[in-house]
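See below for the structure under consideration.
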Amino acid sequence: MSKSTSYATTQCTPVRRGLSVPPGTLLLHPRWKDTDLVSHLKGKVTISVMGEIGVADFHPTCHSCVMYVTEKDIVSSAAYRRRIAKLRNARGFQKRCVLVDKTDVTHFQFWDIQKFIVLDCNMNILGVDGCKEAASYLCQMVMSAMKTPSRNPFVGKTQGPAYTDAAILSVVLKFPRIGETKAKLLLEKFKNIENIVNASQASLTDVVGESAAKQLHRFFNNAKS
């Protein structure tokens, strides 16, 4: 093992970090080799299969890791929750994301999974309708990492990828008493879901009003307990 490569150990399952992921390349776990998901990726990004990357399923960049929880994972057992918890405990990654199948079969479990990932684990979640859509998001993650921000001082900051904005907004819309207008105001004020969850009731009141803030604050405290 080279000096530049190390492992972030979570119980018995390491999450490998310090990886070299060339631009335009998606590093994936061998479990996904020869699957339908890979067939949807071919021709769009360079695919590199690598063993011993631990609990993560994909690395779109050397600073990000992604797990994919499929419909089969959800209906077969609760083992996927332990995998998510291990991903949460991984260190050395700027971005950690979980793709979760949101289908007719998993529709009723999805909210509980979403709450677990966002509120309990402080990670991002993207609901997908099967492996084709999951592959599309993975391609976007790889390609967005290749975009170089403009150095022109008269050009505003580059906006984040649309899929990330939409996914985060969809999570906030699940909060009680929150419609689209209030959801956007919350994100504008607090920037991300973690800050919203940890905000004081007074801070929430300034954005959504006293009644909604009180219910939100109670909701977040119950989720943490």
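The values are calculated or read from the model by the stated rules, or taken from the named source; none is laboratory data. If you're wondering where the values come from, they're calculated on a predicted model, not measured in any experiment. Here Cβ is always computed from backbone atoms with ideal geometry, including for glycine, and neighbour counts include all displayed protein chains.
Structural remarks
- Residue in segment 51-69 that is more than 23 Å from Ser20 (Cα to Cα), of a type outside the set (Phe, Trp, Tyr), under 14 Å from the mean Cα position of the chain (by Cα) and crowded, with 16+ Cβ neighbours inside 10 Å present: yes
- Cβ-Cβ contacts under 8 Å between residues 6 or more apart (or on different chains), taken from a first residue in segment 20-47 that is touching a residue at least 24 places away in the same chain (Cβ under 8 Å) to a second residue that is of a type in the set (D, E, K, R) and surrounded by 14 or more Cβ atoms within 10 Å (Cβ to Cβ), are listed as Leu28/Asp57; His29/Asp57; Arg31/Asp57; Trp32/Asp57.
- Filtering segment 111-138 to residues that are more than 20 Å from Val55 (Cα to Cα) and either surrounded by 19 or more Cβ atoms within 10 Å (Cβ to Cβ) or in contact with a Phe, Trp or Tyr (Cβ under 8 Å, 6 or more places away or on another chain) (or both) leaves only Leu119.
- Answer residue from segment 87-108, given it is assigned to a loop (DSSP other than H, G, I, E, B) and crowded, with 18+ Cβ neighbours inside 10 Å and is nearest to the chain's Cα centre (by Cα) among those: Phe93
- The residue that is nearest to Tyr68 (Cα to Cα), counting only those in segment 109-134 that are part of a helix (DSSP H, G or I), in contact (Cβ under 8 Å) with a residue 24 or more places away in the chain and not aliphatic (A, V, I, L, M), is Cys131.
- Residue that is farthest from Asp120 (Cα to Cα) [pool: residues in segment 193-225 that are exposed (fewer than 13 other Cβ atoms within 10 Å of the Cβ) and in contact (Cβ under 8 Å) with a residue 24 or more places away in the chain]: Ser211
- For segment 90-128, a tally of residues being within 17 Å of Glu194 (Cα to Cα) and of a type in the set (Ser, Thr, Tyr) returns 0.
- Only a single criterion out of (1) in the same structural domain as Gly24 (by TED's automatic domain parsing); (2) modelled with pLDDT under 85; (3) over 15 Å from the mean Cα position of the chain (by Cα) is not satisfied by Cys131, namely (2).
- Search result, residues across segment 33-66 that are outside any strand (DSSP E or B) and closer than 19 Å to Arg82 by Cα: Glu52, Ile53, Val55, Ala56, Asp57
- Candidate set: segment 181-192, residues that are part of a helix (DSSP H, G or I) and not hydrophobic (A, V, I, L, M, F, W, C); chosen: the one nearest to Leu126 (Cα to Cα): Lys184
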